[in-house]
Structures are given as structure tokens and as C-alpha cells.
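The values are calculated or read from the model by the stated rules, or taken from the named source; none is laboratory data. Here the structure is a predicted model, which means the values were calculated and not measured. Because the Cβ atoms are built from the backbone with ideal geometry, glycine has one as well, and the counts that use them run over all protein chains shown.
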Amino acid sequence: MLQNQTREFEEKTGYKLTAENGRLICEGSMDLYGKNVEKLPDYLTVKGRLNLYKLKIRELPRGLKVKGSLIACRTQITELPEDLEVGGDLDISYTQISQLPENLTVKDSLDISCTNITELPGDLKVGGSLNACRTQIKKSLDSQRVKGGLYLSGTNVTELPDNLIVEGSLYLVGTPIFKLPENLTVIGDLDISGTHINEMPKSLKVGGTIYA
């Protein structure tokens, strides 16, 4: 049965999979954009990047491991598996996902923009930028250092933690936030246009341009 499923997947995608220790291995990247694929095999390891952009896929398989980035933008998935492992960026923007799993670790950037997500798990770890634009989240990351940009435009975020360091740009366009935290450091640009902020803290440090 597994052999038949594997053969059918290989014929549809043109990617060769090898079986190893109960897993199916793709030795490089896998770009499935434009392919007629609605399901991925369980316990799949992709040693490069996995691109699922606009696929009619409704769920990710059990035991999925992606050594590079996982692009699931504009797919029909509604949740992420608890055992998902991603070694690069994770892009789930424009999906129907409403919740992130606990203990999720994204080694590079995370894009959840234009999803139904309303809150971020307290133990979420993001190694790069976080794009949460046009979601309904009310609170940003608990971390006091973001190792990339922090994009919160169009969210319901009302405050940020004191002593926050954003190593990229910080976008707060159109949020209900009314003041910036003390000792905020933004290495890139700061965009607070369309907010209720009318005074900058004296401790604010911005390396790029301030847009108000």
C-alpha cells in the first residue's frame, strides 16, 4: 500500500523518494506549485525547501520534516501538526489556520499574515522576522528581542513590552496602540502611521526612518 502511494506521488510530482528508517526522503528541495497534489505522504523528510503555494492540500502529513523553508501560503490547510519540524522560514499566510501548536519553534522567519490566528503561544520561538499583519492577535511575542522585523499592522495589539529590541523594522500601522514602550530599540524603520501615538519616549532608538 505504501509503495503504491509513493509511486503515485512520484508520478504526479516528478520527485523521487527513498525509504529510510520508516521515513520517505526527498534529497533536495521540492516545488509542488502547479502540481495536481492534494495530499503528502506521512513521515516525509524534505532535505531542502518545500513549496506548497496554492495547492489544494487540506492538511499537512504526520511527521513532516523540512530542513529548509516551508511555504504553505494560500493552501487550504486549517492546522499545523504538533510534530512539524521546519529548519528555515514558515509561511502559512492566507490560510484558514486559527491556532499555532504549543512548543512551535521556527528557526528563521514566520509569516502568519491574513490568517484567523487570534493569539500567539507563550512558548513560541521565532529565529527571524514575524509577520502577523491583518490577524486578530492582541499581544505580540513575549520575547524582548526579535531577531528580524516585527510586522503587526492591522492587528489588535495595544502594547509592546518594555526594553524591546527589534533587529529589523517595526510596523504598527493602523493598530489601536497608543504609546510605545520604554527603551524600545528598532534597528530598521518604525511605522506608526494610523495609530493613536502622539508622543515618542525619550528612550526610543531607531536606526532607520520613522513614519508617522
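Selection over the stretch 10-53 of residues that are touching a strand residue (DSSP E or B) at 6+ places or on another chain (Cβ under 6 Å), of a type outside the set (A, V, I, L, M) and in a loop (DSSP other than H, G, I, E, B) gives a count of 5. Among the residues making up the stretch 9-55, those that are more than 18 Å from THR95 (Cα to Cα) and among the acidic types (Asp, Glu) are GLU10, GLU11, GLU20, GLU27, ASP31, ASP42. I want to confirm something. Restricting to the stretch 54-75 and keeping residues that are closer than 22 Å to LEU130 by Cβ, of a type in the set (A, V, I, L, M) and in a loop (DSSP other than H, G, I, E, B), which single residue is nearest to the chain's Cα centre (by Cα)? The selected residue is ALA72. Restricting the first member to the stretch 187-212 and to residues that are of a type in the set (D, E, K, R), and the second to residues that are part of a loop (DSSP other than H, G, I, E, B) and at pLDDT below 95, no beta-carbon pair is closer than 6 Å while six or more apart or on different chains.
In the set (1) charged (D, E, K, R); (2) at pLDDT 95 or above; (3) closer than 28 Å to SER69 by Cα, the condition left unmet by LYS205 is number (3). Taking the stretch 130-161 as the range and being more than 16 Å from LEU80 (Cβ to Cβ), of a type in the set (Ser, Thr, Tyr) and part of a loop (DSSP other than H, G, I, E, B) as the test, the residues that pass are SER140, SER143, SER153, THR155, THR158. Just to be sure before I move on: is PRO181 within 18 Å of ILE137 (Cβ to Cβ), part of a loop (DSSP other than H, G, I, E, B), out of contact with any Pro (no Cβ under 8 Å at 6 or more places or on another chain) and not β-branched (Val, Ile, Thr) in the structure I sent? Taking the combined requirement at face value, the residue does not satisfy it. Selection of the stretch 10-63 for residues being small (Gly, Ala, Ser) and either within 21 Å of THR78 (Cα to Cα) or modelled with pLDDT of 95 or more (or both) yields GLY28, SER29, GLY34, GLY48, GLY63. May I ask you to list the residues in the stretch 76-129 that are of a type in the set (A, V, I, L, M) and in a strand (DSSP E or B)? VAL86, LEU90, VAL106, LEU110, VAL126, listed by residue number.
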